[in-house]
Structures are given as C-alpha cells and as structure tokens.
Amino acid sequence: MAELEFYQRLLIGWFALAPLVFIALLRWPAPYGRHTRAGWGPAIGTSTGWLLMEVPAVLWFLVWYMLGNGMCSLSLTVFFAMWQAHYVHRALVYPLTLRSAERRMPVVVVAMGVLFNSVNAYINGRFLFTLSHGYADSWLSDPRFVVGLTIFITGYVVNRHSDRVLRETRAGSMAGYCRVDEGLFRYVCCPNYLGEILIWTGWAVATWSLAGLSFAVWTAANLLPRARTHLRWCRDYFDDYPEERKAVIPCLW
C-alpha cells in the first residue's frame, strides 16, 4: 500500500474515532489528576507521565520536519515553530510545575497519550512537510493564515495565563486551587482547556487542512468532556459554586 493511501485511510479512521472517544469520556473520565481512581493498574509520578506522553509530539514532528521539505520553506518552518512552541513547553516545562509526589498517573493513560501524540504528529507533520502540495511563502500573508495565527496566539496566551493562575493558587491551598475566580475563571471552570481548544482551532485554520482539523476535533473530543467532569466535581465540592459558570465555553458548555 502506498503511503498516501495509508495516510488517507488513517485520517478517515482518526476522524471516525474522535466522536467515540468524546462519548466514552463523558461516561468514564480519564483517571488522572483530581479524577485519579483505583483499578487502572500500575502508576507512575504525574510529572514523569506528562513528560513521557508529550515528548513524542516534539520528537516525531521534528523527524517529519527534517525528512520532508520543511527546512526549505519559510511557511513550513513557521508551522514547525508554532507546534513546538506548545509542545516543548508541555513536555519539558509544564511537568516541572506538577506535584507528582502527591499524585500518580496510570501507565495505561501514559501509553494512550504516547499513541495519540505519535499518530497525531504523523498525521500533521507528514502532511505538512511531505504529502501536501506545499505552502508558498505568500501563505503567511493569506487571510486564513493570519486569522488562524491570531486564534492560535490568543489560545496560547489564555492557556499559559490560566496555567499560571492555577499554579500560583495551588501553591497556597488545594481548596483555593479548585475555587478560582480570577480572569476567565469567572466565566468558565477550565479556561486552560479553552485556551488549548483555541490553539488547535487556530492551527486548523492556519494550515487549512484536514490534518489540522483532525487535531482540533480530537482536542475538543478530549477536553470538552473533561471540563464537564471538572465542573460537576466543583459543584459537588462547593455548595456556593456559581451556577452560571460553564465548563469551558462561556454561555455554551
């Protein structure tokens, strides 16, 4: 089977799997973080788990960039920088902010994260740097790229700011960490998730590709149910938790 045919079949299957994951996560929240529970087998420290899960996205995207046509194109190099700006932080910086001594992550969750990031990096990296028809440097002034980059940067700022607020609040008390009222936390329970959804929605628009769209769809399929689980937990834990506050999208979800 030629790689292009394999790629197309994988992409179709990837889109088909996303809604099933969405439905499953609404029913059975992924067992990590505050939703860790017994019965999922061996576990490792949360920091180590995040590192192992996210590093494949960094390394595989680098491999596809170097094996493809990325280094010969300014626009593709910009896409490479956008991807790595998120994942280098997520793999190498974010885990250092976690209190892994207090929480552990099931190895099976780590394995699923490795699988997702490896497939996702292949779908996006292989398309951008090899299987696409290329992106001329003029693409960087195309309205689709400009709009997409704006959404991407907005999401990046929202995600980093929200993570910082959570980290600083958590340092004071875990109770305060779960009851934040600063910034976008006044409107949604999980603005950090909103930021990540915006990042990959912007990516989909900027790349204007089915590969990018698949990432945006998978991000929503993963984070929308988890945000709903967070919101339900907060409402159960705090009697005075604001009823008007949504999970991740103001006024909608």
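Every number in this text was worked out from the coordinates using simple rules, so none of it is lab data. Since the model is a prediction, treat every value here as computed from it, not as a measurement. Here the Cβ is made from the backbone with ideal geometry for all residues, glycine too, and neighbour counts use every protein chain on show.
With the chain treated as a Gaussian network of Cα nodes joined by springs under 10 Å, which of VAL158, VAL114, VAL146 yields the largest mean-square fluctuation?
Largest GNM mean-square fluctuation: VAL146.
Report the extension gain between HIS89 and ASN69 in nm, rounded to one decimal, defined as 0.36 nm multiplied by the number of residues separating them, less their alpha carbon distance.
The span from HIS89 to ASN69 would gain 4.7 nm if fully extended.
Run the numbers on the range 142-253 and let me know its relative contact order in percent, using alpha-carbon pairs under 8 Å that are six or more apart.
32 percent
Suppose R0 equals 41 Å. What FRET efficiency, 1/(1 + (r/R0)^6) with r the Cβ-Cβ distance, do ILE12 and GLU168 give to the nearest 0.05?
The pair ILE12/GLU168 has a calculated efficiency of 0.40.
Give me D for the range 142-253 in µm² s⁻¹, whole number, from Stokes-Einstein with Rh from the Kirkwood sum over alpha-carbon pairs, 37 °C and 0.692 mPa s.
Diffusion coefficient, whole number: 226 µm²/s.
Given the options THR97, THR201, THR150, which has the most mean-square fluctuation in a GNM of the chain, springs set between C-alpha atoms less than 10 angstrom apart?
Answer for the Gaussian network model of the chain: THR97.
With label points built 7 Å along Cα→Cβ from the Cα atoms of ARG37 and THR154, find their separation and express it in nm.
Taking the two extended label points, one gets 3.6 nm.
To two decimal places, what compactness ratio does the chain give when its Cα radius of gyration is scaled by 2.2 N^0.38 Å?
Dividing the Cα radius of gyration by 2.2 N^0.38 Å gives 1.03.
So what is the relative contact order for the chain, in percent, with contacts set as C-alpha pairs under 8 Å and at least six apart?
Contact order relative to length: 23 percent.
For a quick check: with amide H placed at 1.01 Å from N, whose amide H comes under 5 Å from ALA43's, ignoring anything fewer than 5 positions away on the same chain?
Placed amide hydrogens put VAL107 under 5 Å from ALA43.
Rounded to the nearest 0.05, what FRET efficiency do ALA111 and HIS133 give with R0 = 45 Å and r taken as the Cβ-Cβ distance? Could you check?
0.80
Per DSSP H run of at least 4 residues, take -39500 (n - 2.57); add these up for the chain, divide by its residues and hand me the 222 nm value, nearest 500 deg cm²/dmol.
The helix-only estimate for the chain comes to -22000 deg cm²/dmol at 222 nm.
Running a GNM on the chain with Cα contacts under 10 Å, which residue among ARG228, ARG34, ARG90 ends up with the highest mean-square fluctuation?
Highest fluctuation of the listed residues: ARG34.
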